[in-house]
Every structure is written in structure tokens, then in C-alpha cells.
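Before any comments, here is the structure.
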Amino acid sequence: MRRTGNPDIVEHRPPARRLVPGTATRRAATATQRIGRRRRTPPLPYGGPMPSTTTPDVDVSARSWRTLLSILRPYRWRIAVGAVLGVIATLTGLWTPRIIENVIEHLYAGTSVAPDVTLFAVLTVVYLTAMLLQWGTLGRTAETVVYDVRKKLVLRFLGGRVAQVRERPAADLIARATADAPLLQLTVGTGFVSFVTSATGVVGSIVLMGVIDGLMLGITLAAVAVLGVAMGLIMPRVGRERALAQEAVGRMSAQLDGSMRALRTIKALRAERARSEAVLADAEKARKHGVAAMWAELISYETAFGGMQIITVIMVAFGAWRVTEGHLTVAALVAFVMYTQGFIMPLMELADGFSTIQSGLAASKRIAEAEEIELEEPAAVAVPAPVAHDDDAPAVELTDVTARYTPGEDDVVRGVSLTVPRTGHLAIVGPSGAGKSSVASLALRFLSPRSGTLRLGGVPYEQLTYAQVRERFAYVEQEPPVLPGTVRDNLLPARPSATDDELHAALTAVELADDVAALPDGLDTELVGATMTGGGRQRLAMARALLAGAQVLLLDDATSQLAGSAEEAIARATRAAATRGAVVTIASRPVPHADRIVLMEEGRVRATGTHAELLATDPLYAQLAGMPEPVAA
Ligand SMILES: Nc1ncnc2c1ncn2[C@@H]1O[C@H](COP(=O)(O)OP(=O)(O)OP(=O)(O)O)[C@@H](O)[C@H]1O
């Protein structure tokens, strides 16, 4: 398998195997072609994003090995079968020079070459069959490894703890599933297996060359040892430079992702050039390390092939002398030179396998890092036991809850106690940073309390699964995003069984029905988040929340970007929802129509009351309302 420019496309190609050292298969992969091919289809590192927030780290530690082996363990038998098939193909190819030797001998002796030709044909069939099976087995396995790794990562990213997922740049995580995973494919396809088959080829060639002429083998091995040392010095540099290029491309992708998200701000600041330079600085580093890796690779191949050509010339000259001295037949010399020529490819495959495994190690290290994100709940809790909620208990109850986002940092919610009744409208109001959204995060279990208790319908959160908690809420987050897909895809997750009429009713409630009807494909129009107004996204999210019909409608600044009739429509819908269940709105301004208001400041509940009560008694609330402070204060 070879890497192509596209990180997701990895060309399947069996490791160059030797049917005949120096013949069709062998010649097809001469040094120049190999280098040329690499140039045309550069290895992934230069083409795919590989974000990392850490400093470049090319550590190939025992831990990386353990990780790589544990990722590949489930496929070990299939990889072993591939390796065995590769060994069979290699051993088959090893006999070819001996057959040629026999053919020449028989031609000199005037005897029939039919048995040799027949054997050659049989070995060719065996070789082709083994290659076919090896390619098929490894290709399939490699694709399966990538799929399984991607599946694990996607499930972890979407099923992981919110705080842990959010603290990592999204582009970084995405790259681990998209760009790192295919590197394992290469490791399966060419890495381990080419190690085994190449070693077989090298050992087999040595044995057969020794059978032909021990002295010539000795000289060849001495020369190859010198070459091996040179290659050993150069090849690790290839791996190092590749990894550094991967890191740089990764940082570039994170930079570009952030800049694209802030496109309008960047343009308004006329900062396009500065941002482009910041992105391209990493692109330049990737280019620099890519070129360094290419040169190291080029030098190693040039050294290997140049060296082997020199060895071959020496062997031809030395062998010719041995022939004239009567120590060797011409046929044996031909066979020996063929082995010499064919010797280099397994050696280079060994080196190639080494650098491929290094890339696989780097990739598995990053994949393992992503797998450190803890899942909210193990798969075993997929079918939770039913819970008996107390019908008389409040919808949600927080008792003396304290929480923080990062261990060692300040608490952002401090001893908060509040009750959300089963029906009615509760508002949580406070200045920016007061901890209002953090309370919502606690209620939705995006954040875990450090102390205190949360209850849902009288049942402590610890006795509920995350899903059991969240099914009771319909949530509109601050600046809600558009989900990938159509209008319908954006609504149905709230109630998969909803009919078109129900979808239209929800859209009508937020005054979005006419806009959707005007779209080219109505409900089935693909939405592009970037082209939707903030108000449009809020109304769509509100429609989704209304459709869910959950017990608690939790709205975090849900109308901040709305005005006029749309805002009034949502206020109407909210009032209606408050008669059926609980509505909790979070706002930084007073909410006059709420039944009860909890005023928060610096993570604490500062006061509780109705709008009129707080307006009359609390200076902060009055200040938020833009009114003069109460006289009593
Ligand atoms: N994911 C997070 N990681 C770390 N700290 C956070 C995180 N989210 C919020 N905070 C911090 O927690 C504190 C409370 O923030 P929170 O968003 O809950 O306040 P808020 O009252 O909702 O403010 P706003 O109205 O501006 O959204 C702030 O100091 C904020 O910086």
C-alpha cells in the first residue's frame, strides 16, 4: 500500500515482492521508479492534517509500541496469514535464479530444459496465487483496522465527557480520526509484513548465494554491511522528519480551522494577511520537514542502489575471474549476480517497513491520546433500569452544589441551591460570568458537581444514566449551531417519529414556517450554518426544543438575537410550555414575565423572588434592568 496525496485515499499495492530478482517484478521497482513514485504520491504527512497542541514529539517509546500492538491485536491472525503468504511468495521467487542457472547448464549440455520451464511455470502460479491472497487479506484487514479505529474515535468523541472533548481543539480531534488512522493501514499493509517477508528474502538469498560460492558471498555481505550502516544512519531521519511534518500540518489545520470560523472578524480587522501568514508559517514548516524527509529518502535509495550497482560490477568482475580459474560455472555466476541484484530490494523493504512502522507508532500514540477522553457512561449502561420518579417532587432540585471545570482552579458554582417546580417559569438571571450557564451544564450533566446533590423528579443524578437525565430536558444553548443536514435533520433528533404536520407546527410557533416553505426543497433543504443568521439558528433550535415536548424547557439566552414578532412568538411559546411543564430561562437581563427569578452573582445565588420583588429590593437586579438602584439599598 502506498500513500497518496489525499490522506483518506491509500492506494493498495502489495509490497514489491520478488518473483525473479532482477526480472520483471524486480525491474518494475527500480530505485528511480520508487523515488519517482514517492515524489508523485508523497507520503501522507505532507498532505494530511495532523494537529497537535503539544510540541513536536517523535518519541517512539515502549508505550507507543504497546499502543500500536494493542490496536492491531484483534487482527493478529489475519496479519499473520498475510505474512505467511508473503513468505511463500518470497520463497517461490528465490528459486528463479537457480532455475535460470539450470536452464543455462542444460543448454550447454544439450539436454532438455522442459523440466526447468515447467517448474518455473508452477512456481509462477504459486507466486501469483500467494500474492493475490496476501494482497486481498492484508488490504481488507488494513481497511478494517482503519474503520474500527475511526469507529472507536467517533464514538468516543460524541460519547465522551463534554469538558474533556471541548478542552481539545476540534480540528485536532478530527485529524486523529481522518489523517492518523490511515497510517495504521500502511503499518498493517506494508510495515510488519514487509519486515517478515523481506527478512525471509534476505536470509534466503544469503543461503542460496552461499551454496553457489562462499567466497563471493563473503565479499558481498561485507559490502552490504557497509551499505546497511549508511542506510541505518539515514533512515531514522526520514521517520523523524515525517513526524515533524505531520505535527506542523496538524498545527496548520488547527490555525486554519480557527481562522475560517472567525472569517468575518478577520476581514473586518483587515487581518487576512497576518492570519494567512500565521497559518502558512506552519505550512512552511511542513514543507521544510517534508523536503528534508524527501532528501533523506532520496539519499538512502541512491546510496542503496548506487552501492548495489557497484557491488554487482565488482561481483561480475570477481566472478569472471573465478570462472576463468575454474571455481565457478558461467551459469552459477549468472545466478549469483541475479541474487546480488535482487538482494537490495528486500533490504530496502526492511528500511521502508521500519519507517512505515515509525509513522504507525506516531499515529497510534495520537490515537491513544484521543482515547484518553473518558466516556460519559460505559456501553454496559446502554439499557438502563427504569427509574421511578416521585410525581410530587420538583422537576429539578440543586442542593448546595459546588462545581468547577478544572481541578485546582476556582469554583464557578458555589453552594447553589435552587428548585425548578414541575410547571411554571423560572429565570436564572445575573451578569456575565455569574455561573448561569454552568448551572445549566450541571443540570444537563455536562459538568459534574464537586459537592452537593442534584435531583431529577426526586431521584439523585447518581442513580440515573446521562441519557435518563437528558431525556427530561429540551435545551437551547447559547448561540445554537446548525446540525449537519437538512431542516428536517435539524428537527427530528428531538422526536424521530414526528410527522411533517408536527414539524410545521413547531416551525410556526417560532415564526419560521414561511421561511422554510420558501426554501427550494422546504424541509429537505440542506442547511449551511454559516449562511444562517444567529436569530434563524435560535428559532430553529427553539422549534426543535418545542418539538421534544420534554418536561423541562431549558433556554440559555435563547432570544438574545431575536427582536420584534419573532421574540414575541417565542415568548408566547414559552408561556404555553410553562403551563404544561417547567421552563427555565437563563438571561443576563431581567425576565419580567417569569414566575420566579434566581439572581446569581460570582457563582452564588444572591437573591430569589419575583421580578417586582427583586426590582424593589436588589440593587444588582435593578442595575441589570437599567433602572436606578432601589432607595432601600
Ligand atoms: N468550559 C469551561 N471551562 C472553564 N471555565 C469555564 C467554562 N465555561 C465557563 N467557564 C467559567 O465559568 C465561569 C462562569 O461561566 P458561565 O458561562 O457559567 O457564566 P454565565 O453567567 O453563563 O455568563 P454568560 O452570561 O457570559 O454566559 C466564568 O468564569 C467562565 O469563564
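Points worth noting:
- Remark on the stretch 239-290: hydrodynamic radius 11.3 angstrom, per the Kirkwood mean of 1/r across alpha carbon pairs.
- Rg and Dmax of the stretch 389-624, both derived from C-alpha coordinates alone, stand at 17.9, 53 Å.
- Contour excess over end-to-end distance, with Cα ends at residue 575 and residue 588 and 0.36 nm allotted per residue: 2.8 nm
- Take each peptide in 536-548, 485-497, 93-105, count the other Cβ atoms within 10 Å of every residue, and average; sorted highest first, the result is 536-548, 93-105, 485-497.
- Sparse packing (at most 16 other Cβ atoms within 10 Å of the Cβ) combined with a DSSP loop state is found for the following trypsin sites (Lys or Arg not before Pro) in the stretch 228-284: 270.
- Stretchable slack from residue 392 to residue 327, in nm (0.36 nm times residue separation minus alpha-carbon distance): 13.0 nm
- Mean projection area, nm², convex hull over Cα of the stretch 214-349: 9.9
- Alpha carbon Rg of the stretch 502-633, scaled by the compact-globule rule 2.2 N^0.38 Å: 1.23
- In the stretch 147-224, the inverse of the mean reciprocal separation of distinct Cα atoms equals 16.4 Å; this is its Kirkwood hydrodynamic radius.
- When the P(r) is computed for the stretch 212-274, the part past 15 Å accounts for 72% of the Cα-Cα pairs.
- For the stretch 470-539, the relative contact order is 45 percent, taking Cα pairs closer than 8 Å that sit 6 or more residues apart in sequence and dividing their mean separation by the residue count.
- Eligible lysines near residue 288 by straight Cα distance, threshold 24 Å, same-chain separation 8 or greater: 365
Since every read-out is calculated from the coordinates, none of them should be taken as a lab result. Keep in mind it's a predicted model, so treat the numbers as computed, not measured. Because the Cβ atoms are built from the backbone with ideal geometry, glycine has one as well, and the counts that use them run over all protein chains shown.
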